[in-house]
1. Can you pull out the trypsin sites (Lys or Arg not before Pro) in region 9-74 whose DSSP state is coil and whose Cβ has at most 12 other Cβ atoms within 10 Å?
2. With labels modelled as points extended 7 Å from the Cα through the Cβ direction, what inter-label distance (nm, one decimal) is found for Val62 paired with Asp97?
3. Excluding Val55 itself, what net charge comes from residues whose Cβ is under 9 Å from its Cβ, given Lys and Arg +1 and Asp and Glu -1?
4. What list of ³J(HN,Hα) couplings, whole Hz, do you get for region 79-91 from phi and the Karplus terms 6.51, -1.76, 1.60, once you set θ to phi - 60° and write x for glycine and proline?
5. Given Cβ point charges of +1 (Lys, Arg) and -1 (Asp, Glu) and nothing else, what value in debye, to the nearest 20, does the dipole of region 35-174 about its Cα centre take?
6. For region 69-175, which trypsin sites (Lys or Arg not before Pro) are both in a DSSP coil and crowded by at most 12 other Cβ atoms within 10 Å?
7. Could you grab the relative contact order for region 35-174? Cα pairs under 8 Å, six or more apart, rounded to a whole percent.
8. Please arrange Leu86, Leu146 by counting, for each residue, the other beta carbons lying within 10 Å of its beta carbon, fewest first.
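Any read-out appearing in this document is the output of simple, stated calculations on the displayed coordinates, not a laboratory observation. Keep in mind it's a predicted model, so treat the numbers as computed, not measured. Neighbour counts run over all protein chains shown; Cβ positions are idealised from the backbone, glycine included.
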Amino acid sequence: MIKRKKRRPEAGKAEYQITDEEMAALTEHRARQKATPVAPRIKLTKGEKATEIGVHHLIGPVGYGLLIEALGTADYSFGDGLLKQLVKVGSQGSEVDEDGVNFMISVVKGIKPRDHLEAMLAAQMAAIHMATMTSTQRLANVENILQQDSAERTLNKLARTYAGQMETLKRYRTGGEQKVTVQHVSVSEGGQAIVGNVTQGKPENVGEKAAKSSPRALTHAKASPMPIIDDKKEEALVPARKKRQK
C-alpha cells in the first residue's frame, strides 16, 4: 500500500480552502464506502513451498472472516480455494503481486456475490479483465503485422467473453426474466393509449361486423316498438276507393 506524506503549507501561503462541490463529492464518497462490504486487504508472504495468505488486521481470524464474508460465502473451504485461485491468477509467474491480487479481490467484492455461483463468476470476470488489459498492452507494443493480428484476435475474444459474463450474471440474478419499464408515453391528438395486455383475436367476417355495427331502432321506453311494415302489406291495408255512381 502506497503511503503519501502530507505536505506542509509553505510560509507566507494561505492554506487551501475546500469548495462546496468538493465537500459534496467527499460526502458521497464516504457514503459509498459505508455501503461497500467491510473486508481487509490480504497479505502475501512467499514461503519455501507455497505462498502464505494473511490479512492486514489486528486480529487475524476476525479479518479473515470479514474477507470470506465479502466473497459471498460462509464456507471457509470454498473461500480458501477461491482466494488461492485468485492469488495464482493475480501473480505473474513465481513473483507474488500483492497489489494485483488485492485488485482482483476488490473486483469480486464490488460485484457483491450472494452465493457460490456468483462468487465464482465474479472471480472469472476479474481474471478475464486482467487478461484483457494484458492483451491491450501487448497490442500497443507490437512490432509487426503478425503480432498485431494475434493481439487483436485475443483482445476481441476476451472482450466478448467479458460481455457474455456480464449478461450471464444479469440473467442469473433476475431469474432469466426481462422486464421493460415505460417511463414516458406520448399520444398524439385523436389517438388512444392502451395500458395492459393486448390480445389480438380472430378477425370477424365482414357480414357479422356490418350486422354488429348497424344502428338499432330507437324506441320510447314506455311505448311498444313500432312494427315494421313491408311494401306489400302496406298496399293491402289501404282501402280501395269506391267507384262513383253515375
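1. Lys13, Lys49
2. That separation, rounded to one decimal, is 3.3 nm.
3. On the way: positive: Arg41, Lys43; negative: none.
Around Val55, the charge tally is +2.
4. Listing the rounded values in order: x, 4, x, 5, 5, 5, 5, 5, 5, 5, 6, x, 8 Hz.
5. Values: 16 positive and 15 negative charges, 79 e Å.
Computed about the Cα centre, the dipole is about 380 debye.
6. Here the sparse-neighbourhood loop sites are Arg114.
7. 18
8. The order, fewest Cβ neighbours first, is Leu146, Leu86.
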